[in-house]
1. Report, by residue number, each residue of the range 174-205 that is open to solvent by 30 Å² or more (accessible area, probe 1.4 Å), charged (D, E, K, R) and closer than 20 Å to L149 by Cα.
2. Residue under question is L150, and the condition is that it be in contact (Cβ under 8 Å) with a residue 40 or more places away in the chain, in contact with a helix residue (DSSP H, G or I) (Cβ under 6 Å, 6 or more places away or on another chain) and not assigned by the TED database to the domain that holds Q97; does it hold?
3. Looking at T152, is it closer than 22 Å to Y308 by Cα and either part of a loop (DSSP other than H, G, I, E, B) or among the polar types (S, T, N, Q) (or both)?
4. Just checking: which of the helices (runs of 4 or more DSSP H) contained wholly in the range 174-229 hold 2 or more residues that are within 13 Å of V286 (Cβ to Cβ)?
5. Looking at (1) in the same structural domain as Q72 (by the TED database); (2) under 30 Å from L71 (Cβ atoms); (3) touching a helix residue (DSSP H, G or I) at 6+ places or on another chain (Cβ under 9 Å), find the lone condition where N163 falls short.
6. Got a number for residues in the range 131-173 being touching a Gly at 6+ places or on another chain (Cβ under 7 Å) and crowded, with 20+ Cβ neighbours inside 10 Å?
7. Would you be able to say whether some residue in the range 90-99 is part of a helix (DSSP H, G or I) and out of contact with any helix residue (DSSP H, G or I) (no Cβ under 8 Å at 6 or more places or on another chain)?
8. Does the range 117-136 contain at least one residue that is among the acidic types (D, E) and either assigned to a loop (DSSP other than H, G, I, E, B) or under 24 Å from L314 (Cα atoms) (or both)?
Amino acid sequence: MGPRVQLPPEIQLAQRLAGNEQVTRDRAVRKLRKYIVARTQRAEGGFSHDELLKVWKGLFYCMWMQDKPLLQEELGRTISQLIHAFQTPEAQHLFLQTFWQTMNREWMGIDRLRLDKFYMLMRMVLHESLKALKTRGWDERQTEQLLELLMTEILHPDSQAPNGVKSHFIEIFLEELTKVGAHELTADQNLRLIGPFCTVAARTQDSLVLHNITRGIFEAIVEQAPLAIEDLMKELVEERDGDTPSREPPEGSVSGAEPDPGKEQGGDDDEEDSAGPVLQFDYEAVANRLFEMASRRDTPPQNRKRLYKVIRKLQALSEGLFPEDDIPEKAYRNPRGGRRVRMKKRLSESQLQNKTGRAAEEASCPDPSPASVRRRRSAGADPAMPREQPGGRGRRGAPRRRRRPWAGARAKAADGQAPKAKRKRALEGQK
């Protein structure tokens, strides 16, 4: 028997991370964190791209094996915070790059029962990556490197990212950026952070990506404009009065500030009114940036048309005009609400005319019996309208269908005998 081959530490940890027992998996996660800290502290240390792919393979199946929502949330937070164990920004970016590559590779194999926890993991990893950027003071160079990494691995046409990963990333980007940096980011910094989305929206050939960016980034900025202005006015008032209250969320909180228990019973409207701080934007600068990208010759026509609509809304906001002021609240929440309201008005006029006509006819006709009403409903007729009886007879119900003559009768009619019998019966009736 030959000597036993010693596996690399990364493969050993990956095997333990994907173990069947939860105790084994939890112990492997703790050992992985210590191993990352010890290895990245050395000058000659660090991980290669293939080594981190093996580590993320084990972490992916560690999340796969975890059940119970509370334990899944705790494990997701622990995995996402591993990024802070890396000592250099380059190692952190490599850790994030291999994470998104792992999600792109394994996404199509996730069943619908496990989608939610991997959606949560993506949200937490993005949150911690933005928090790591915050610890460096939102350095411009580090910000550009992070955005380039995200665009390359997720929204670039050659990234091979599934639609589910793209759509969820676009949906959560502004939300997580608001939770991490709404208190300190300026309008110029926010414009720099959404700049890559402007470029992708103007160049993409994917209609789904264009729709998601327009709806999840630009129209979300338009919808949050009243809240942003209100928040800015509150800050100005507090600065004028000399009050500088601390609004930082507690450490370790992924979802931002804790909601007030007394306001949870107010419904959706109270939740919208009690929203936290939002990102500040220079709407004119955002409109100019979008116009610069949309007006290029290589921009597809459908992209240009869609972006010009957003540009007009942003220009109106820069002039102090809010689009939702002229639209009812219900119609504003439903994008097709205005069209449906007009259709309902037209239908109501026609229904009113039909009702007045039916009322006049019901007043002039006797009340039909319940049995006849049931028969007419089954026949597809209007129960309020009396039906004319066949042959002038007063029989109840729908008229009976005439029986088809049998083959012998048709033959007699062809020979010319049937008309004589009909004339004979007619003469007897006259007598």
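The values are calculated or read from the model by the stated rules, or taken from the named source; none is laboratory data. Owing to the predicted nature of the structure, the values given are computational and were not obtained by experimental measurement. Glycine also receives a Cβ, built like all others from the backbone with ideal geometry; neighbour counts cover every protein chain displayed. Protein only, heavy atoms only, side chains kept; ligands, DNA and RNA dropped before computing areas. Shrake-Rupley method; radii C 1.70, N 1.55, O 1.52, S 1.80 Å.
1. Answer for the range 174-205, where residues must be open to solvent by 30 Å² or more (accessible area, probe 1.4 Å), charged (D, E, K, R) and closer than 20 Å to L149 by Cα: E175, R192, R203.
2. Taking the combined requirement at face value, the residue does not satisfy it.
3. no
4. In the range 174-229, the matching helices (runs of 4 or more DSSP H) lie at 187-203, 219-223.
5. (1)
6. Number of matching residues: 1.
7. Taking every residue of the range 90-99 in turn, at least one turns out to be part of a helix (DSSP H, G or I) and out of contact with any helix residue (DSSP H, G or I) (no Cβ under 8 Å at 6 or more places or on another chain).
8. Among the residues of the range 117-136, not one is among the acidic types (D, E) and either assigned to a loop (DSSP other than H, G, I, E, B) or under 24 Å from L314 (Cα atoms) (or both), which makes the answer no.
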